[in-house]
Amino acid sequence: ARKITTWLMTNPGSLTAGDAAALAAVTAACPHLRQLQASIRAFCDMITGLTGRKDLDTWLAAAEASNLDQLRSFARGIRKDHTAVLNGLSLPYSSGKVEGTVNKIKMIKRRTYGRASFDLLRKLVLQA
């Protein structure tokens with residue numbers, strides 16, 4: 001199952017001939033996987049092409065009309081924060097550096113589990 005999930009999310013040009021043949025056999029036998037694969041590819045194309053302004057609403061409508069519960073649930077979640085997702089799929093900016101720094105600080109804080117004062121936490125952050 002894990003390998004099939006990887007195949008579904010991999011760029012088709014990156015699959016080996018054997019993996020591509022196996023994926024074709026699986027998607028031919030399971031129409032819901034073919035539908036999921038098409039949805040994943042369309043979403044990945046929006047991410048890489050930053051075409052959210054043009055394609056997101058169409059993709060959401062198709063996902064909500066799908067017979068796949070998980071895909072409909074994912075689309076509902078996107079609708080709840082539509083503006084942020086739309087900007088993420090349209091703008092060239094990234095908050096990756098900030099998120100990495102915040103994650104590092106949280107890891108240091110968890111490591112001390114409240115046993116350290118703010119001054120020690122500050123020193124640990126500055127050392128890292």
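The values are calculated or read from the model by the stated rules, or taken from the named source; none is laboratory data. This structure is a prediction, so every number in the text was calculated from the model and none was measured. We place every Cβ from the backbone using ideal geometry, glycine too, and count neighbours over all the protein chains shown. For accessibility, only protein heavy atoms count, side chains too; no ligands or nucleic acids. Shrake-Rupley method; radii C 1.70, N 1.55, O 1.52, S 1.80 Å.
Determine whether region 98-107 contains at least one residue that is under 30 Å from L56 (Cβ atoms), open to solvent by 100 Å² or more (accessible area, probe 1.4 Å) and not hydrophobic (A, V, I, L, M, F, W, C). Step through it out loud before you land on a result.
Here is the first cut: in region 98-107, the ones under 30 Å from L56 (Cβ atoms) are 98-103.
Among the residues that remain, those that are also open to solvent by 100 Å² or more (accessible area, probe 1.4 Å) are: 99.
From what is left, the residues that are not hydrophobic (A, V, I, L, M, F, W, C) are 99.
Yes, that holds for at least one residue.
Select from region 108-128 the residues that are outside any helix (DSSP H, G or I) and open to solvent by 100 Å² or more (accessible area, probe 1.4 Å) and write down the one among them that is farthest from D57 (Cα to Cα). Even if it seems obvious, please write down each step before you answer.
Going residue by residue through region 108-128, those that are outside any helix (DSSP H, G or I) are 113-117, 128.
Those still in the list that are open to solvent by 100 Å² or more (accessible area, probe 1.4 Å) too: 113, 115.
Numbers: Y113: 44, R115: 48 Å.
Checked region 108-128; the qualifying residue farthest from D57 (Cα to Cα) is R115.
Take region 15-57 and flag every residue that is open to solvent by less than 60 Å² (accessible area, probe 1.4 Å), polar (S, T, N, Q) and farther than 30 Å from N87 by Cα.
T27
Answer yes or no: is there a residue in region 74-96 that is of a type outside the set (D, E), open to solvent by 40 Å² or more (accessible area, probe 1.4 Å), out of contact with any strand residue (DSSP E or B) (no Cβ under 7 Å at 6 or more places or on another chain) and under 24 Å from I4 (Cα atoms).
Yes - at least one qualifying residue is present in region 74-96.
Mind checking which pairs have a first residue in region 31-60 that is touching a residue at least 40 places away in the same chain (Cβ under 8 Å) and a second that is surrounded by 15 or more Cβ atoms within 10 Å (Cβ to Cβ) and assigned to a helix (DSSP H, G or I), Cβ under 7 Å, 6 or more apart or different chains?
M46/G52; M46/D55; M46/L56; M46/W59
What helices (runs of 4 or more DSSP H), lying completely within region 1-76, carry at least 3 residues that are at pLDDT below 95, of a type in the set (G, A, S) and over 22 Å from L91 (Cα atoms)? Give the steps one after another, and end with the answer.
Values: elements: 2-9, 17-29, 31-49, 52-65.
Of the helices (runs of 4 or more DSSP H) lying wholly inside region 1-76, those with at least 3 residues that are at pLDDT below 95, of a type in the set (G, A, S) and over 22 Å from L91 (Cα atoms) span 17-29.
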